[in-house]
Number of protein chains: 4
Amino acid sequence: MLEGTWYLEKHTESLLYLHKIRSHIYHGKTAYQKVDIVEIEAFGKTLFLDGKIQSAQIDEFVYHEALVHPAMLTHPDPKNVIILGGGEGATLREVLRHPVERATMVDIDEQLVKLCEAYLPEWHAGAFYDERANLVFADARSYLENSDETYDVIISDLTEPLEGGPSVLLFTREFYTTAYERLSEDGVLVVQSASADPYYNDFVRDVYVTLKSVFPKVKVFRAPVFSFQMDWAFTLATKGRDPEEVPVEEIGRRIAPFTDKLRFYTPELHSALFKLPKFLKEVLPKGRVITDENPPVWLS
Amino acid sequence: MLEGTWYLEKHTESLLYLHKIRSHIYHGKTAYQKVDIVEIEAFGKTLFLDGKIQSAQIDEFVYHEALVHPAMLTHPDPKNVIILGGGEGATLREVLRHPVERATMVDIDEQLVKLCEAYLPEWHAGAFYDERANLVFADARSYLENSDETYDVIISDLTEPLEGGPSVLLFTREFYTTAYERLSEDGVLVVQSASADPYYNDFVRDVYVTLKSVFPKVKVFRAPVFSFQMDWAFTLATKGRDPEEVPVEEIGRRIAPFTDKLRFYTPELHSALFKLPKFLKEVLPKGRVITDENPPVWLS
Amino acid sequence: MLEGTWYLEKHTESLLYLHKIRSHIYHGKTAYQKVDIVEIEAFGKTLFLDGKIQSAQIDEFVYHEALVHPAMLTHPDPKNVIILGGGEGATLREVLRHPVERATMVDIDEQLVKLCEAYLPEWHAGAFYDERANLVFADARSYLENSDETYDVIISDLTEPLEGGPSVLLFTREFYTTAYERLSEDGVLVVQSASADPYYNDFVRDVYVTLKSVFPKVKVFRAPVFSFQMDWAFTLATKGRDPEEVPVEEIGRRIAPFTDKLRFYTPELHSALFKLPKFLKEVLPKGRVITDENPPVWLS
Amino acid sequence: MLEGTWYLEKHTESLLYLHKIRSHIYHGKTAYQKVDIVEIEAFGKTLFLDGKIQSAQIDEFVYHEALVHPAMLTHPDPKNVIILGGGEGATLREVLRHPVERATMVDIDEQLVKLCEAYLPEWHAGAFYDERANLVFADARSYLENSDETYDVIISDLTEPLEGGPSVLLFTREFYTTAYERLSEDGVLVVQSASADPYYNDFVRDVYVTLKSVFPKVKVFRAPVFSFQMDWAFTLATKGRDPEEVPVEEIGRRIAPFTDKLRFYTPELHSALFKLPKFLKEVLPKGRVITDENPPVWLS
């Protein structure tokens, strides 16, 4: 039946989505954002922040496996990991599949994390209660600037830098310089970088070029996040290691203990993710360096 | 401005898209389908058949390069090619980039081809007027059954088999057996196979299993067709050749003469396309063999 | 903000409404119908049954005052009143403003009445707890057929006769004959009769002609129910009294005790409501007599 | 079929309409406004200006008969009439049904009038070619200020005063004072005054109070314009005559020559139109006087 409640998502000014709602779970606001948790017919339980889809039950695994495992596997033996953002807890969940000693998650929005803990247990799957997990509610930039720890992997799982929002200064050269300094010698930084499609790829270009101005080795990869209705880009930066050179056998061996839990990532897929469509490869170098003085403004 | 004309696309019963229209080009019907050609803000000039998006100016190249080049490159030297369907002429355009001797395109809907010729010149780009092109307006199955030619590559560029529509018997084991017989020893068949996403992949499973019942070597690959809002699946079948074993160097050499025309396909991307997400790899063998007696029914 | 939850109402196949939702109150089903109670920005708290708007906080008073007071005032001194349907309790509320001795409300859907009692207190305003109120959960037709009471006013506050729904046999000549028999000499029957607009007025025509086949005096009147997005028709039938001949002074005197509670009805408006646009006046006689054998079918 | 082109009308920020389009007639812009002429399933041929419905084939007669005839009948014998605005020509059409000597129509948007002349012949019905018609393309305020003619009826058929639009200074006390001066002793001014509904009636209140500050006798009336989805308000002002006191017999006699052309207005309906719902009657005096220094701002 066509009648009833729908979630209207303004993908852009000229493309609207209407998602049929099966049930309403939570509608409200935190100090930082509008939160809607609904079960939609097409994607199951779904989290919308400020009206934009963030995560859907049917395929959050694609996004979270793609964000975490290529980065974790590029490091030979990550022990100390930090997640910037990561509200739902699914990034933490994937990190903890590896034999890390400690995984810190720094999210500014405590209310949102609590809502996700209560209403999205399929996402965190108990990761918040793992003894290796360290939850911090703080601004990720301040936290990293004031930390004296060294991390093996830094995972930037932040919302796009909406004007006036909390992420604006988390994609700049200055911040990435801090990240570089906090990384161990074999350290890996991975940044979720928004759309990889042919028309809205300005953001990934800029992240790529900005990271290139700080790190010796930077590569973009992508994964098909169906509920985002597009290929999603991720940027991986290291002090020299090449993520495409991790041997397939090593990947197979290291993910073997939890391979039955994976639904997207495979050893063969690892380096294929880094093979980009020609249009994307060609535009990446055309980005600009993002700085604190000139941060990106992502219009909502 | 929100007000004005929009194209409503019913992606499924529970997911509607509203595309803002920039200009109206053609609204009408052929003997086989409802045709809307509009310029939409998000994707440029766009063709909708029976209310479903078929091709958009901004990224038709992804679909058409992915459909044509992996198949053409898997054959060592294709000379005689046949396209089943292919209305807009863009598949023909990509085929003719190769040094073929003859490319036959068999489409049942002459009116649609004429509309595309007139209103979508960016798609055919003159391919219809190439002396190697052979346009036939006929049912593709009858044509192939009554042909005594041998083809090096057969490209199935057909709409999904909507109930009562002209494509219902073009995805069956019987038809693929005819295709096998019309192929040369190194021959390649490629079939556009609809969605590669985690929830609507029934069709590609069935096409895969059906082709496996006829051909010794069958592989699925995928490409991100942004205007379809998802990864798209293609199935490639041969009498033994493995598409992933075509050397990168050979691809580079063979596409060199027209590489500046390509916007999606690259030598490095070729075999990466065949690396599938785990969920898709696992479900493919679960399809069923499609037969003339039990054809697929795709509900509109 | 455009994004968020909206209620999609299919006014017709070719006119859809999207109502922005402020808060969700109840979504569920009774044995008879799908019930959505939401607060919408435009109309406040709103009840939708089977996806169609039934009553909105902002102007339910127009519908309920128009349904009740012209009928009550046409009778010189109504003491015993029966309401057929009337789920929300607002019709009962308006009836009880008059010095009646007893007001019976017969609704088939007990669950709906309970939901309205709990979630729509602004509608019933305590009317359910008035000692003169008599709530019966039963089929209105059976109840009236098996009753031996005489009523001064019968108020038909029923949903349109959707195919397969409970109202199908409540708009027929046979049923109206029973109603005639249950009415006192000065008795008045009023029937909510759906749209009074120029294109969808088939229903009021048929109700008018059917009542004319049973009652000596039948008149249609209308009121602008904004949340229904149109003028709404009501049909009033008597054994001879003319509703337009009630003196303005009598109306003023009889409503004086509760005139501060009224927001739509006034003495001067009473007979103005019966003055119809020419197009409506002309089509009314073109209806058909509805019978048990040939009931109306209102397609949802 | 749900799929296809729809016209999205933003009735308010929280209520959207989607009108199914049957055919596209014209999409473009004049120097003053965006113009869409489409045939929609629900209402037939329809004119949208700046995304708002202006006139629909199915019921333009309600609006135009209500705007013209009560005013014309309130004057004992109108000979010289001026229409301010009136783009489509239907107001002119209704005026010319009366035995006037001259009817001047002053519209600022010549392109729009030409588009209506060409594409909406059902509206003007040849009125533009009547020898009594005098078309002027000019700003209505300047025209009236610089005119030394005396008019029997002035009809304000203007769009609402959108910010920055041409109508902003056509609803002020200063302008109505000019109108008063141009009117003959029995002269009548009528002003289309937007919505008469319970929630968006600010405009009619202000027009009412502003006219009261200039004219001795001012009355609001209303008509159900279905394609506007609500009751529509009109304000009528005179130097003393009371529109409700025109005898029914006089109306009948004067409209007799063209009564077969009317579809809304009748002698009996005339004074009923002036009987207002209580809520509207009560809010009218609460408006404010609109002045040139403080004109209304109608947000689009």
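Since every read-out is calculated from the coordinates, none of them should be taken as a lab result. Treat the numbers as computed from the prediction; the structure is a model and nothing was measured. Glycine gets a Cβ as well: all are built from the backbone with ideal geometry, and neighbour counts include every protein chain shown.
Net charge near D:V62, counting Lys/Arg +1 and Asp/Glu -1 over other residues with Cβ under 15 Å of its Cβ? List each step's numbers first, then the result.
Values: positive: C:R222, C:K275, C:K278, C:K281, D:R93, D:R222, D:K261, D:R263; negative: C:D197, C:D231, C:E282, D:D59, D:E60, D:E65, D:E88, D:E94, D:E122, D:D157, D:D231.
After counting each charged neighbour, the total is -3.
Quick one: grab Rg to one decimal and Dmax as a whole number for the stretch D:75-177, Cα atoms only, in Å.
Computed over the Cα atoms of the stretch D:75-177, radius of gyration and Dmax are 13.3, 38 Å.
Taking the Cα centre of the protein assembly as shown as origin, work out the dipole magnitude from +1 charges on Lys and Arg Cβ and -1 charges on Asp and Glu Cβ, in debye rounded to 20. Don't skip to the answer; put the middle values down first.
Working: 128 positive and 188 negative charges, 2 e Å.
In total the dipole reaches around 0 debye.
Per-residue Cβ counts within 10 Å, from other chains only, averaged over D:9-15: what number is that?
Working: counts 3, 6, 5, 3, 6, 11, 10.
Taking all residues of D:9-15 together, the mean is 6.
Take chain C, connect every pair of alpha-carbon atoms lying under 10 Å apart with a spring to form a Gaussian network, then pick out the residue of C:V188, C:V214, C:V68 with the largest mean-square fluctuation.
Answer for the Gaussian network model of chain C: C:V214.
From the square roots a ≥ b ≥ c of the eigenvalues of the alpha-carbon gyration tensor of the protein assembly as shown, which class results: rounded (a/c under 1.5), prolate (a/b over b/c), or oblate?
On the way: a/c = 1.93, a/b = 1.79, b/c = 1.08.
Taking the square roots of the gyration eigenvalues as a ≥ b ≥ c, the protein assembly as shown is prolate.
Of the residues D:A56, D:A233, D:A256, which exhibits the maximal mean-square fluctuation in a Gaussian network model of chain D defined by a 10 Å Cα contact cut-off?
Fluctuation is largest for D:A256.
Report the residue, chosen from B:D186, B:D77, B:D260, that carries the largest GNM mean-square fluctuation when chain B is represented by alpha-carbon nodes joined by springs under 10 Å.
Looking only at B:D186, B:D77, B:D260, the largest GNM fluctuation is found for B:D260.
Considering the Cα positions of the stretch C:118-216, please state its Rg to one decimal place and its Dmax as a whole number of Å.
15.1, 43
Taking only C-alpha pairs under 8 Å that are 6+ residues apart, what is the relative contact order of chain C in percent? Before the final figure, lay out each step's value.
Numbers: 613 pairs, mean separation 50.3, N = 300.
Relative contact order, chain C: 17 percent.
Between the stretch D:58-121 and the stretch B:116-179, what is the C-alpha centre distance in whole Å?
Spelled out, the Cα-based centre of one part sits 59 Å from the other.
What percent of all Cα-Cα pairs in the stretch C:6-56 falls in each 5 Å bin, counting up from 0?
Histogramming the stretch C:6-56 at 5 Å steps yields 5, 22, 32, 25, 12, 4 percent.
Amide H neighbours of A:R22 under 5 Å, counting only residues 5+ apart in sequence or on other chains, H built in-plane at 1.01 Å?
A:E39, A:I40, A:E41
Which longest run of chain C has no exposed loop site in it, a site being GluC sites (Glu not before Pro) in a DSSP loop with at most 12 other beta carbons within 10 Å, and the site itself not part of the run? Numbers along the way, then the final one.
On the way: sites that count: C:E101, C:E131, C:E149, C:E163, C:E293.
Here the longest run is C:164-292.
Over the whole of C:39-49, what's the average partner chain Cβ count within 10 Å per residue? Rounded to a whole number, please. Write out the running numbers ahead of the final one.
On the way: counts 0, 2, 4, 7, 4, 1, 0, 0, 0, 3, 0.
Counting other chains' Cβ atoms within 10 Å and averaging over C:39-49 gives 2.
Quick one: length gained pulling A:K217 to A:R253 fully straight, 0.36 nm per residue minus the C-alpha distance?
Working: separation 36, 0.36 × 36 = 12.96 nm, distance 2.50 nm.
Length gained between A:K217 and A:R253: 10.5 nm.
So for the stretch D:163-300, considering every pair of alpha-carbon atoms, how many percent are separated by more than 21 Å? Intermediate values should be presented prior to the final figure.
Values: 4395 of 9453 pairs.
Roughly 46 percent, once rounded to a whole number.
Would you work out the relative contact order for the stretch A:1-81, in percent, from Cα pairs under 8 angstrom that are 6 or more residues apart?
Details: 113 pairs, mean separation 14.1, N = 81.
Over the stretch A:1-81, the number comes to 17 percent.
Taking the alpha-carbon distance from B:K278 and a cut-off under 19 Å, which lysines remain once sequence neighbours fewer than 8 residues away in the same chain are dropped?
List returned: A:K261, A:K275, B:K219, B:K286.
Taking Cα atoms, how many degrees apart are the long axis of helix A:60-74 and the longest axis of chain A, rounded to 10 and kept between 0 and 90?
On a 0 to 90 degree scale, this one is about 10.
Could you give me the ³J(HN,Hα) list for the stretch A:208-219, computed from phi with Karplus coefficients 6.51, -1.76, 1.60 and θ = phi - 60°, whole Hz, x at Gly and Pro?
4, 5, 5, 5, 4, 7, 10, 9, x, 10, 9, 9
Can you give me the P(r) profile for chain A? Cα pairs, bins 20 angstrom wide beginning at 0, each as a whole percent.
Final binned percentages: 35, 60, 5.
Short version: ³J(HN,Hα) in whole Hz for each residue of the stretch B:239-246, in order, from phi by Karplus 6.51 cos²θ - 1.76 cosθ + 1.60 (θ = phi - 60°), x for Gly and Pro, what are they?
After applying 6.51 cos²θ - 1.76 cosθ + 1.60, I find 7, x, 5, 9, x, 7, 9, 5 Hz.
Once the Cβ-Cβ distance between A:V289 and B:T177 is put in as r, and R0 is 56 Å, what FRET efficiency do you end up with, to the nearest 0.05? All intermediate terms of the calculation are to be shown ahead of the outcome.
On the way: r = 59 Å, r/R0 = 1.05.
Plugging the Cβ-Cβ distance into 1/(1 + (r/R0)^6) gives 0.45.
What is the local net charge at B:T177, summed over the other residues whose Cβ is closer than 15 Å to its Cβ (Lys, Arg +1; Asp, Glu -1)? Don't skip to the end; give the middle numbers.
Details: positive: B:R141, B:R173, B:R182, B:K212, B:K239; negative: B:E145, B:E174, B:E181, B:D292, B:E293.
With Lys, Arg at +1 and Asp, Glu at -1, the neighbours total 0.
Taking loop as defined by DSSP and a crowding limit of 12 other beta carbons within 10 Å, which chymotrypsin sites (Phe, Trp or Tyr not before Pro) in the stretch D:192-274 fit?
Numbers: sites: D:Y199, D:Y200, D:F203, D:Y208, D:F221, D:F226, D:F228, D:W232, D:F234, D:F258, D:F264, D:Y265, D:F274; in loops: D:Y199, D:Y200, D:F264, D:Y265, D:F274.
Of the chymotrypsin sites (Phe, Trp or Tyr not before Pro), not one in the loops of the stretch D:192-274 has a Cβ with at most 12 other Cβ atoms within 10 Å.
Apply the Karplus parameterisation 6.51 cos²θ - 1.76 cosθ + 1.60, with θ equal to phi minus 60°, to every residue of the stretch D:222-232 and state each ³J(HN,Hα) to the nearest whole Hz, in sequence, with x for glycine and proline.
Calculated HN-Hα couplings, in order: 8, 9, x, 8, 5, 6, 8, 6, 5, 5, 10 Hz.
Per the helix-only calculation at 222 nm, which mean residue ellipticity applies to chain C, given -39500 (n - 2.57) for every DSSP H run of n ≥ 4 and division by its residues, nearest 500 deg cm²/dmol?
Details: 10 runs with 83 residues, N = 300.
Taking each H run of at least 4 residues, the total per residue is -7500 deg cm²/dmol.
Explain nothing, just the number: dipole magnitude of chain D about its Cα centre with +1 on each Lys and Arg Cβ and -1 on each Asp and Glu Cβ, in debye rounded to the nearest 20. List each step's numbers first, then the result.
Values: 32 positive and 47 negative charges, 113 e Å.
Result for chain D is approximately 540 debye, rounded to the nearest 20.
Place a point 7 Å from the Cα of B:E149 along the Cα-to-Cβ direction; which residues of the stretch B:207-243 have their backbone N under 19 Å from it?
none
Of all DSSP beta bridges in the protein assembly as shown, what percent run antiparallel (nearest 5)?
Values: 176 of 260 bridges.
So the antiparallel bridges in the protein assembly as shown amount to around 70 percent.
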